[in-house]
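Asks: Input: one structure, supplied below.
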Amino acid sequence: MSSSPGARSIAKVLVANRGEIAVRVMRTCRELGIASVAVYSDPDRDSLHVRMADEAHSLGGATAAESYLDAEAVLAAAVASGADAVHPGYGFLSENAGFARAVADAGLIFIGPPPEVIEIMGDKLSARAAARKVGVESVPGGQDALTSVEEVVAFGKAHGWPVAVKAAHGGGGRGLKVLAGAEGAAEAMESARREALASFGRDELYVERYLDWPRHVEVQVMADVLGNVVWVGERDCSVQRRHQKLVEECPAAELSDDVRRRMGDAAVRVARGCGYTGAGTVELLLQDGEFWFLEMNTRLQVEHPVTEAVYGLDLVAEQLRVAAGEPLSFAQDDLAPRGHAIECRINGEDPAGGRFSPSPGRITRLVAPDGPFCRFDSGYVAGDEVSQYYDNLIAKLVVWGRDREEARRRMLRALDELVLEGVATTVPAHRLILAAPEFVAATHSTSWLEQRLDLSALEPVGPPPTPPSPEAVGADEPARVRRDVDVEVDGRRFSVSLWVPDVGPAAEDAEPRARGINEHTVERPGPQRGVPGIRGDHGDGGAQPAPERPRRASSRAPAAATAIASITTRAVPTPSCSPKAWTESVVPDRVRKAPRSTRNSPTKPLRPGSPMLDSETSVSSAAKMGTTRAMPPYASMARVCVRS
């Protein structure tokens, strides 16, 4: 990838990251004909980004410190792979000046700003000084790294409480603690140091004034090596929990043209003043019509897709152009925003009661929403594990609309379409956020979600409903297992969970007596549909192996569990709603007992589409199907959970 004089060719890129951002970068590389290299830890051995890459190298270890933060191991993989460049993504080593310098010293291209710029802007203290030098004021705060708790207390007394103790390196809300008073300052500082060290490898902290009702507005900048610097709109990232963003949108709503222009000009001055190149973000706090410089992220942001949607750009492609020494493909006057975009971060967290508790585990089913102007950037597919060792961002759901209200309604529709099972997610919270009057009117702030929005109605995601007890169904009856099916009653479809006798593992392999009865479709883990060139499980570089044939139920299965009027017998996912939202009831009589004229003969085996057996036919049909002992009629054996 090069055409301009003095430009360097990029034919292979190592992506020093994981999850959705690694997949995102690899997709653009593929479109540009650039080979991609993945690195992975032991828990990520079979992750989507590993399967997506043209080749993959192990870093070993499990935690971030043992793998993705091991700069020597990542660089060794880049050299061994023959990569021309390293894309750091976001987080991990993306704002580590030492790593950027080591990449350059090895003769490779670091896809980001020069290490000297990272040192200036990656350190929030020197970044504040750099912004002040070009006439952009910062939030009032200390000028040096903290050395004692007494400094925090003195600052709070001088400027007023609350104050924020923040990591001097990195971002994403990690290493940030808010203090309402002097009490607990020592514990907060220690906690912030530990978090900063674990996330960024540096534990320096500083203190600044904590604004009580600000909006978080950031400006996207792009700069090339020829001195061209442009700002590509702004994003509102005010919906946050624990100082980490949940919802982002472009452009920022209810922002005057004058304030928007002044923010863009300030961001360009900051970027040009430090000699910036590549993609970066100048973060600002806005309150009462005034804004202050907060920090600069010297990397691609998580929320960059909303800017891409509104401006029609591929920011990763621009990063690659700039890194190769090419000029930007556009000038400031070429940029014309169109419409409005919203992004929801789908995290593996249980938002019940506003706690947002981590929810690691295996994703058992994932169906992405579709439709016009809907984008789903994910680092996972069904069968993948959301690890406890890393950030729990599963995917980013992005929609575009002609205006903010259209985008908001489209996002609500897309959230309803999204199916993600096996782990709890932030989706229920997203629904409440987007429907809240404060969000609709754009009067929310960075404190709104935690201080004002009522999340008490969100119930914990618990286990599926328990089967009936032996006392309820008879002590002599066998143990039961859950089976999920679709039922049509008078033409209306219901999702039904049935507790039926467990006939043992043999039920998984034997041939059914009637086609379509009690068959279960197997959803195999694998790459998303339509993604070309994903590596197979055996690393052969081809597509996934052909899916297994549908798993079939045993002919020994009791008649009581194998026939029901108008049942669609493919497997139905475990419902995502809470057990409380379900209604438990006995199968209605009109489903349980079909008219006698349509019943099966007691001496004939079941036919495809047969109505449910009653007490007169269940014993003989069960015997015909190979059951070794007579089973009681279906209606007396199973109870169901029905949701229309």
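Asks: Tell me the label-point distance for the pair W213, D265, using the 7 Å Cα-to-Cβ offset, in nm and rounded to one decimal.
Replies: 2.9 nm
Asks: Now for a different question. What does a probe at A11 reach in region 66-96, counting residues whose amide N is under 16 Å from the point 7 Å along Cα→Cβ?
Replies: Within reach of a label on A11, which here means backbone N under 16 Å from a point 7 Å along Cα→Cβ, region 66-96 contributes 79-86.
Asks: Once you put a point 7 Å from the Cα of S456 and another 7 Å from the Cα of R493, both along the Cβ direction, what distance in nm separates them?
Replies: Each label point is offset 7 Å from its Cα along the Cβ direction, giving 3.8 nm.
Asks: Another question, if that's okay. Can you sort R132, R493, R241 by 1.4 Å-probe accessible area, starting with the largest?
Replies: Details: R132 105, R493 125, R241 5 Å².
Putting R132, R493, R241 in descending order of accessible area: R493, R132, R241.
Asks: Go through region 1-69 and name the trypsin sites (Lys or Arg not before Pro) that are in a DSSP coil and have 11 or fewer other Cβ atoms within 10 Å of their Cβ.
Replies: Working: sites: R8, K12, R18, R24, R27, R30, R45, R51; in loops: R8, R18, R45.
Answer by residue number: R45.
Asks: Another question, if that's okay. For the pair D502 and Q143, how long in nm is the line joining their label points, each one 7 Å along Cα→Cβ?
Replies: Roughly 7.0 nm, to one decimal.
Asks: Let me ask you something else. Relative contact order (percent) for region 30-115, with alpha-carbon contacts under 8 angstrom and 6 or more residues of separation?
Replies: 22 percent
Asks: Quick one: pull the percent of accessible area on region 49-127 belonging to carbon and sulfur, 1.4 Å probe, ligands and nucleic acids left out. Walk me through the intermediate numbers first.
Replies: On the way: 1360 of 2520 Å².
Exposed carbon and sulfur together represent 54 percent of the surface.
Asks: Per residue, how large is the accessible surface of region 280-437? Use a 1.4 angstrom probe and give square angstrom.
Replies: Working: 5380 Å² over 158 residues.
Spelled out: the 1.4 Å probe surface of region 280-437, per residue, equals 34 Å².
Asks: So how do S456, S138, S256 rank on accessible area, 1.4 Å probe, biggest first, that is with the largest at the start? Don't skip to the answer; put the middle values down first.
Replies: Values: S456 85, S138 20, S256 60 Å².
My answer, sorted largest first, is S456, S256, S138.
Asks: Suppose the chain between D46 and S256 were pulled fully straight at 0.36 nm per residue; how much longer would it get relative to their current alpha carbon spacing?
Replies: Numbers: separation 210, 0.36 × 210 = 75.60 nm, distance 4.78 nm.
Once the chain is fully extended between D46 and S256, it gains 70.8 nm.
Asks: Using modelled backbone amide H atoms (1.01 Å from N, in-plane), which distant-in-sequence or interchain residues come within less than 5 Å of A11's amide H?
Replies: Correct list: D84.
Asks: Still on this structure: Could you give the length gained by full extension between E290 and E31, i.e. 0.36 nm per residue of separation minus their alpha carbon distance, to one decimal place? Before the final figure, lay out each step's value.
Replies: Numbers: separation 259, 0.36 × 259 = 93.24 nm, distance 4.18 nm.
Here the answer is 89.1 nm.
Asks: While we're looking at this one, here's another question. Please report how far the C-alpha centroid of region 127-141 lies from that of region 354-378, rounded to the nearest whole angstrom.
Replies: Cα centres, region 127-141 to region 354-378: 38 Å.
Asks: Can you give me the relative contact order of region 44-173 as a percent, contacts being Cα pairs under 8 Å and 6 or more apart?
Replies: On the way: 99 pairs, mean separation 21.4, N = 130.
16 percent.
Asks: If you don't mind, there's one more thing I want to ask. Alpha carbon centre of region 56-95 versus region 160-183: separation in Å?
Replies: 30 Å
Asks: Might you tell me the accessible area per residue for region 1-77, computed with a 1.4 Å probe and given in Å²? Show your work: numbers first, answer last.
Replies: Working: 2770 Å² over 77 residues.
On a per-residue basis, 36 Å².
Asks: List the GluC sites (Glu not before Pro) within region 215-313 that DSSP assigns to loop and that have no more than 11 neighbouring Cβ atoms inside 10 Å. Each step should come with its number before you reach the end.
Replies: Numbers: sites: E218, E234, E248, E249, E254, E283, E290, E295, E303, E308; in loops: E254, E303.
Those that pass, being in a loop and sparsely packed, are E254.
Asks: Tell me the accessible surface of C274 in square angstrom (1.4 angstrom probe, heavy atoms of protein chains only), to the nearest ten.
Replies: Rounded to the nearest 10, that gives 20 Å².
Asks: What number, in nm² with one decimal, is the all-direction average of the projected area of the convex hull of the alpha-carbon atoms of region 54-199? Show your work: numbers first, answer last.
Replies: Numbers: hull surface 41.4 nm².
Projected area, direction-averaged: 10.4 nm².
Asks: Amide H of I394: which non-local residues (sequence gap of 5 or more, or other chain) have their own amide H closer than 5 Å, using H built in the peptide plane?
Replies: Residues meeting the criterion, in which the H sits 1.01 Å from N, are I346, N347, G348.
Asks: When the Cα atoms of region 132-281 are enclosed in a convex hull and the volume is divided per residue, what value in Å³ results? The partial results should precede the final answer.
Replies: Details: hull volume 19.3 nm³, N = 150.
Enclosed volume per residue, from the Cα hull, is 128 Å³.
Asks: Whose amide H sits under 5 Å from the amide H of E137, counting only residues 5 or more places off or on another chain, with H placed in the peptide plane?
Replies: Close amide H contacts, sequence-distant or interchain: F293.
Asks: Could you tell me the distance between the Cα centroids of region 252-290 and region 298-331, to the nearest Å?
Replies: Spelled out, the Cα-based centre of one part sits 17 Å from the other.
The values are calculated or read from the model by the stated rules, or taken from the named source; none is laboratory data. Please read these numbers as outputs of a predicted model, since none were measured by experiment. With ideal geometry, Cβ positions are generated from the backbone for all residues, glycine too; neighbour counts draw on all protein chains shown. Areas reflect the complete protein model, heavy atoms only, side chains present, ligands, DNA and RNA absent. Shrake-Rupley method; radii C 1.70, N 1.55, O 1.52, S 1.80 Å.
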